Amino acid sequence: MNDSGTMNKKLKVGIIWANPYNPNLGVSALAYSAIALLDKSAKLANIPIELTIIGSSITHRDKVVLDGEEIEFDNIMAFDYFSIKSVVKYILNPRKYGLGRISTMNLILDVGEGDSFSDIYGNKRFYRILNSKIFLSLLKKRQILLPQTIGPFFSSKALSESKKALEPIDLIYARDEQSFEYAQENFPGKEINKSVDMAFLLPFQQRKLEGDLIKVGLNVSGLLWKGGYTQSNQFNLKVNYRDVIERIIEYFLGLGVELHIIPHVVDTSKSGEGDVPVCEEIVNSHDGLLLAPIFKSAIDAKSYIAGMDFFIGARMHSCIAAFSAGVPVFPMAYSRKFIGLFEHTLKYSFIGNCMTSNDEELIEGVKNAFLNRVELKNIIAKSDEDIIRPSIESLINEMAEELKK
């Protein structure tokens, strides 16, 4: 790409499984951040890029403004590439799914929706994420797994199939220490690289909220409130999530702070996994609570969360938004992805483990974190300086080198 005859030719890059329009603003945050990463790396490598989002929910060309710069990209939908139903969809509407466009791409960056390269959410999602890797390998496409949670795989079949799917993958990044160690152990022979979550790249502008009261943000997960997709404590929580949320609200209302209830999956359907219906229900059943707006983007959500003095959340990317904005945060972990990122990678121990703690222990953890929020702010600043910034800078440099290949 560096000789004079090819400098003006654009490198065709696809970003798969990171939909900028996803109502789960964690997935949306990863999409924006992957775009930002690619843009910074391409500029560093001095290589022009033609970008397509694979797995979007729209099919027309669009643009996003990141750090004051306009970045354009195309959108195509994705599907389970080995499903008969999906093949029929493609035959009926080939332009929508863009296989012709994919066939011309030089590089595919796989985000895996952050944590979906696992069977923790069930087989349907797992095979959708898995089968794209196999399909793109059959097309001889160079693939890179951008920083994400890898595993766990509870089924031996899922683990075995994942091993086969990763064999042709050129480069693999784990976004946390636990995923890194898990991948090294379960995928011997593959080079596994370690980084941090890409959402630390997500830009924001702190939203200034009026008034002198201490502002506390509480993200309530509609998924956990309902007991997971199975509605029967799918994630094997030891705590009673609903009771804990009620007690957290009672505690902060008793302190006289300004308590904001903040949805981070902005699906408004009552039958879905979104946070909005549950957050609305909670605000309507209590006096003195403020409901955050339904955010239009992950950037809007992060900008709002940045205005908090303290934050508690069960959606991991709501907690990353707080952490990367310097807001003292108490994550409520429902899977190992939280522990792997915050505790093992960022060296941040103020975290509640809903899988191992009881209600009393979790509530005490919230109180302790709030009372020590000045200390938390200092720990976050040190983590940013010592861990996050060097990791992001290294990732940008490494991706720039990959674009040159």
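Testing Gly365 on (1) on the phi > 0 side of the Ramachandran plot; (2) touching a Gly at 6+ places or on another chain (Cβ under 6 Å), one condition comes back false. Which one is that?
Here Gly365 meets the rest and fails (1).
So, in the stretch 283-330, how many residues would count as being in contact with a strand residue (DSSP E or B) (Cβ under 6 Å, 6 or more places away or on another chain) and either among the aromatic types (Phe, Trp, Tyr) or assigned to a loop (DSSP other than H, G, I, E, B) (or both)?
11
Restricting to the stretch 206-226, give me the number of residues that are farther than 18 Å from Ser357 by Cβ, out of contact with any helix residue (DSSP H, G or I) (no Cβ under 7 Å at 6 or more places or on another chain) and surrounded by 14 or more Cβ atoms within 10 Å (Cβ to Cβ).
Total meeting the criteria: 5.
Return yes or no: is Lys337 over 21 Å from the mean Cα position of the chain (by Cα), assigned to a helix (DSSP H, G or I) and within 24 Å of Leu37 (Cβ to Cβ)?
no
Residues checked against (1) basic (Lys, Arg); (2) crowded, with 20+ Cβ neighbours inside 10 Å:
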position: Ser269; (1), (2): no, no
position: Val278; (1), (2): no, yes
position: His286; (1), (2): no, no
position: Ala301; (1), (2): no, yes
position: Ile312; (1), (2): no, yes
position: Arg315; (1), (2): yes, yes
position: Pro328; (1), (2): no, yes
position: Met332; (1), (2): no, yes
position: Tyr348; (1), (2): no, yes
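Quick check on Glu393: is it over 30 Å from Phe154 (Cα atoms), part of a helix (DSSP H, G or I) and out of contact with any Gly (no Cβ under 7 Å at 6 or more places or on another chain)?
For Glu393, the condition - over 30 Å from Phe154 (Cα atoms), part of a helix (DSSP H, G or I) and out of contact with any Gly (no Cβ under 7 Å at 6 or more places or on another chain) - is met.
Considering Val257, Val265, Val283, Val278, which residue is β-branched (Val, Ile, Thr), outside the structural domain of Pro20 (by TED's automatic domain parsing) and touching a helix residue (DSSP H, G or I) at 6+ places or on another chain (Cβ under 6 Å)?
Going through Val257, Val265, Val283, Val278 in turn, the sole match is Val278.
Can we say Phe350 is more than 19 Å from Leu202 (Cα to Cα), in the same structural domain as Asn240 (by TED's automatic domain parsing) and not in a strand (DSSP E or B)?
In short, yes.
Listed residues Lys89, Lys85; which is without any contact (Cβ under 8 Å) to a residue 24 or more places away in the chain and in contact with a Phe, Trp or Tyr (Cβ under 7 Å, 6 or more places away or on another chain)?
Values: Lys85 fails: in contact with a Phe, Trp or Tyr (Cβ under 7 Å, 6 or more places away or on another chain).
Lys89 is the lone residue from the list that is without any contact (Cβ under 8 Å) to a residue 24 or more places away in the chain and in contact with a Phe, Trp or Tyr (Cβ under 7 Å, 6 or more places away or on another chain).
Scan the stretch 36-90 for residues that are among the hydrophobic types (A, V, I, L, M, F, W, C), in a helix (DSSP H, G or I) and out of contact with any strand residue (DSSP E or B) (no Cβ under 6 Å at 6 or more places or on another chain) and report the count.
Residues that pass the stated criteria total 7.
Is it the case that the stretch 359-372 has a residue that's of a type in the set (Lys, Arg) and over 18 Å from Asn22 (Cβ atoms)? First the steps, then the outcome.
Step one: filter the stretch 359-372 for residues of a type in the set (Lys, Arg), giving 367.
Imposing the further condition that a residue be over 18 Å from Asn22 (Cβ atoms) reduces the set to 367.
Yes, there is a match, as at least one residue in the stretch 359-372 is of a type in the set (Lys, Arg) and over 18 Å from Asn22 (Cβ atoms).
Which condition number in (1) within 24 Å of the chain's Cα centre (by Cα); (2) closer than 24 Å to Gly122 by Cβ; (3) outside the structural domain of Leu139 (by TED's automatic domain parsing) is the one that Ser179 fails?
Condition (3) is where Ser179 drops out.
Determine which single condition Leu139 fails, assuming it passes every other condition in (1) more than 30 Å from Val278 (Cβ to Cβ); (2) touching a helix residue (DSSP H, G or I) at 6+ places or on another chain (Cβ under 8 Å); (3) surrounded by 15 or more Cβ atoms within 10 Å (Cβ to Cβ).
(3)
Tell me the residue from Gly100, Gly112, Gly55 that is under 22 Å from Ile169 (Cα atoms), without any contact (Cβ under 8 Å) to a residue 24 or more places away in the chain and of a type outside the set (Asp, Glu), please.
Gly100
For the stretch 229-253, give me the residue count where each residue is part of a loop (DSSP other than H, G, I, E, B) and either touching a residue at least 24 places away in the same chain (Cβ under 8 Å) or surrounded by 21 or more Cβ atoms within 10 Å (Cβ to Cβ) (or both).
Qualifying residue count, the stretch 229-253: 7.
The values are calculated or read from the model by the stated rules, or taken from the named source; none is laboratory data. Nothing here was measured: the structure is a model prediction, and the numbers come from that model. Cβ atoms come from the backbone with ideal geometry, glycine included; neighbour counts cover every protein chain shown.
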